[in-house]
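For reference, the structure discussed in these notes is given below.
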Amino acid sequence: MRAGELRHRAEILALDADIQPRCLGKSWFGIIAKESAEPAFPTGLRNPAKIDIRARYNPGLLQGRYLRHEQRLFHITSVRDPLGNRAELRVTGEELIGESAQLLPYGQPPRCVRVFLDYQSPWRDENGQVIDYRIRGEVALIEAGRVENDDKLKVGGVTYLVTAVPNDMDDGVVRNIWLEPI
């Protein structure tokens, strides 16, 4: 590693058993967007362009953990020790992007989260047929925790009610929620 490449101080985060963020410490990183001829248009909370991250060896950097640098949040998808000498790690991650929002969980204090809203998402019946188009949101579990029905989400001055949390649309990183404006 050349001097000056590790210029971003970031927190290493993990989800605990209660789906709450736990800080495992801070470290210095070099964050570089991977080059692409034309990055795809985002269709969800995950940015389709992968991020290349370099770091000094740290045993807390594992696949599935998160890095938070200022307002940016990265989900670690792979970690490699290219030379095998525990000096440098090459990390690939995906950046979680979206609009700033405030989650208002029922009976709990508000949380700042990022959300991706899809205003024309197909609502399907039990046979898989599209019967309506509704507002679908995506939130990061590391920020939102357990989102439940009747929680509220305030985005850009508009308050939405969480009407459903489908079990089949949660991958452990991003949770999908169905919303209705209030």
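Things to note:
- Members of the stretch 137-182 that are in contact with a Phe, Trp or Tyr (Cβ under 6 Å, 6 or more places away or on another chain) and assigned to a strand (DSSP E or B): Glu138, Leu153, Thr163, Ala164, Leu179, Pro181
- Of residues in the stretch 56-88 being modelled with pLDDT under 90 and part of a strand (DSSP E or B), the one least open to solvent (accessible area, probe 1.4 Å): Glu88
- Residue check for Asp151: open to solvent by less than 10 Å² (accessible area, probe 1.4 Å) and either of a type in the set (Lys, Arg) or over 18 Å from Gly44 (Cβ atoms) (or both): yes
- Residue list for the stretch 105-126, restricted to those being more than 21 Å from the chain's Cα centre (by Cα), open to solvent by 50 Å² or more (accessible area, probe 1.4 Å) and closer than 18 Å to Met169 by Cβ: Gln120, Trp123, Arg124, Glu126
- Scanning the stretch 6-23 for residues that are touching a Phe, Trp or Tyr at 6+ places or on another chain (Cβ under 6 Å) and within 13 Å of Gly64 (Cβ to Cβ) yields one hit, Leu13.
- Residue count for the stretch 89-104 satisfying the condition of being surrounded by fewer than 20 Cβ atoms within 10 Å (Cβ to Cβ) and either part of a loop (DSSP other than H, G, I, E, B) or in contact with a helix residue (DSSP H, G or I) (Cβ under 9 Å, 6 or more places away or on another chain) (or both): 1.
The values are calculated or read from the model by the stated rules, or taken from the named source; none is laboratory data. Model, not experiment: these values are computed from the prediction. A quick note on method: Cβ atoms are made from the backbone with ideal geometry, for glycine too, and the neighbour counts reach across all protein chains shown. Heads up: the accessible areas ignore ligands, DNA and RNA and are worked out on the full protein's heavy atoms, side chains in. Shrake-Rupley method; radii C 1.70, N 1.55, O 1.52, S 1.80 Å.
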